[in-house]
Amino acid sequence: MLQKSDQKRIFLSAPHMSGNEMNYIHDAFETNWIAPLGPNVDAFEKEIAHYVGVSEAVAVSSGTAAIHLALSLLDVKKGDKVFCSTLTFVASANPILYQGAEPVFIDSEPETWNMSPQALEKALKEACMNGNLPKAVIVVNLYGQSAKMDEIVTICNQYNVPIIEDAAESLGSTYKGKASGSFGKFGIFSFNGNKIITTSSGGMLVSNDVEALKKARFLATQAKDHALHYQHSTIGFNYRMSNILAGIGRAQLEVLDERVQARRLLFDRYKQELCSIPGLHFMPQLQHTISNRWLTALTIDEGVIGTSVPSILKALSEEKIEARPVWKPLHMQPLFEGVNYYSHCENMSVSENLFSTGLCLPSGSNMTEEDQMRVIKCVKELLKMRVSL
Ligand SMILES: *Cc1c(COP(=O)(O)O)cnc(C)c1O
């Protein structure tokens, strides 16, 4: 028997290098491109744009920075409203506050856990009646699952409101054969350390509007005017990606499809091993979509299972297994107290239910089968299943 202290820790989603990263980093050093621009940045942008099937991409310092730039490009400012999925990481909405604008949060629907078209329609209809339409709608693809993009795009087009697709968690996923991140006026990706591929930190803004992306590059490099001296007429940011980090990104992108395969396999094995436990429900996958299954997420029926999400997380943690609750909805966050919120149905808040019953299991693509079986065994024991392993 292994002592607990000898057991290795199993992380939620650890970085997974391909081995080729150092070659690109080496190139950067050889050529002394140690700057937030250079050949790796240019190439990484082209490679991502090609992968996603959009005209162009702009590499930036984080996914958050990409969202902030998208909002700036859409001229979001003080007094404006921006609609945003409520069931997401706070980074989806923080840039709304950076711009001094006001978020309005939209609930999830049960089939994708993402923005409810029904709630969105209600919110847009009311905003339109009040002559107060939002400047943008930020749609999140949670844990790799695409939102109901056809419905959402149709509704937004009806009111002429541009979409920012927050695909930070869904790089490599598809919706009806089309790449996640390519559905809005702008799409954004994140290469934070825990994402499906990583540059340690970094992000990407993508669009088919080449002129807008040209402006994004300008804004992301301190908005320096065309003049011999340092002249500035608008607020800029320092948001470009380092050429060294872009090198990591290029090597990571080469193995993205493998990483998607690995995460999907993890999901399938979890589901196969655990689905017979009554009261466990795995995150669905909408028809005609492929989720990268960034994180394996599931909900528990406390009444059936007889234990709660916090106690499961605690028990796993004691076994050195890092699992997490589902994102706390943004309309429930102290930061956003008093912000307007539209639920899926009058008396059903889907995101609140998902928050109280949902959890994410370790899903890193570099987990071994042995690691995963340890998690599975632990969950089974916790839920008092008599199983032969
Ligand atoms: C990770 C994440 C972001 C932010 O990306 P960073 O690169 O960490 O700034 C934004 N939205 C969602 C949904 C995320 O998961």
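The values are calculated or read from the model by the stated rules, or taken from the named source; none is laboratory data. Being a predicted model, the structure only gives us computed values, none of them experimental. Note that each Cβ is placed from the backbone with ideal geometry, even for glycine, and that neighbours are counted across all protein chains shown. When the accessible area is computed, the model is the full protein with side chains, heavy atoms only, and any ligands, DNA or RNA have been set aside. Shrake-Rupley method; radii C 1.70, N 1.55, O 1.52, S 1.80 Å.
Miscellaneous remarks
- Tabulated pairs, segment 372-384, first open to solvent by 60 Å² or more (accessible area, probe 1.4 Å), second not charged (D, E, K, R), C-beta under 8 angstrom, 6+ apart or interchain: K377/L389
- A Cβ distance below 7 Å, combined with a sequence gap of six or more or placement on separate chains, defines the contacts here; from segment 186-211, residues that are farther than 12 Å from M17 by Cα and acidic (D, E) reach residues that are open to solvent by 10 Å² or more (accessible area, probe 1.4 Å) and assigned to a loop (DSSP other than H, G, I, E, B) in the pairs D209/K185.
- Residues that are in a strand (DSSP E or B) and more than 16 Å from S311 (Cβ to Cβ) within segment 361-389 are absent altogether.
- Criterion (of a type in the set (S, T, N, Q) and touching a residue at least 24 places away in the same chain (Cβ under 8 Å)) met by exactly one of S365, S317: S365
- For segment 140-223, the strands (runs of 3 or more DSSP E) that sit wholly inside it and include 2 or more residues that are crowded, with 24+ Cβ neighbours inside 10 Å, within 16 Å of the ligand (Cβ to nearest atom) and not aliphatic (A, V, I, L, M) are 163-166, 186-190.
- For segment 324-343, filtering for residues that are more than 17 Å from the chain's Cα centre (by Cα) and not in a helix (DSSP H, G or I) leaves 8.
- Verdict on T86 being within 24 Å of the chain's Cα centre (by Cα), of a type in the set (S, T, Y) and within 25 Å of S365 (Cβ to Cβ): no
- Residue check, E346 within 22 Å of the chain's Cα centre (by Cα) and of a type in the set (D, E): no
- Selection from segment 334-358 of residues that are within 16 Å of the ligand (Cβ to nearest atom) and open to solvent by less than 50 Å² (accessible area, probe 1.4 Å): F336, S351, L354, G358
- Note on segment 107-122: among residues that are charged (D, E, K, R) and out of contact with any helix residue (DSSP H, G or I) (no Cβ under 7 Å at 6 or more places or on another chain), the one that is farthest from N347 (Cα to Cα) is E111.
- Residue within segment 114-122 that is more than 27 Å from A297 (Cβ to Cβ) and either surrounded by 18 or more Cβ atoms within 10 Å (Cβ to Cβ) or touching a residue at least 24 places away in the same chain (Cβ under 8 Å) (or both) present: no
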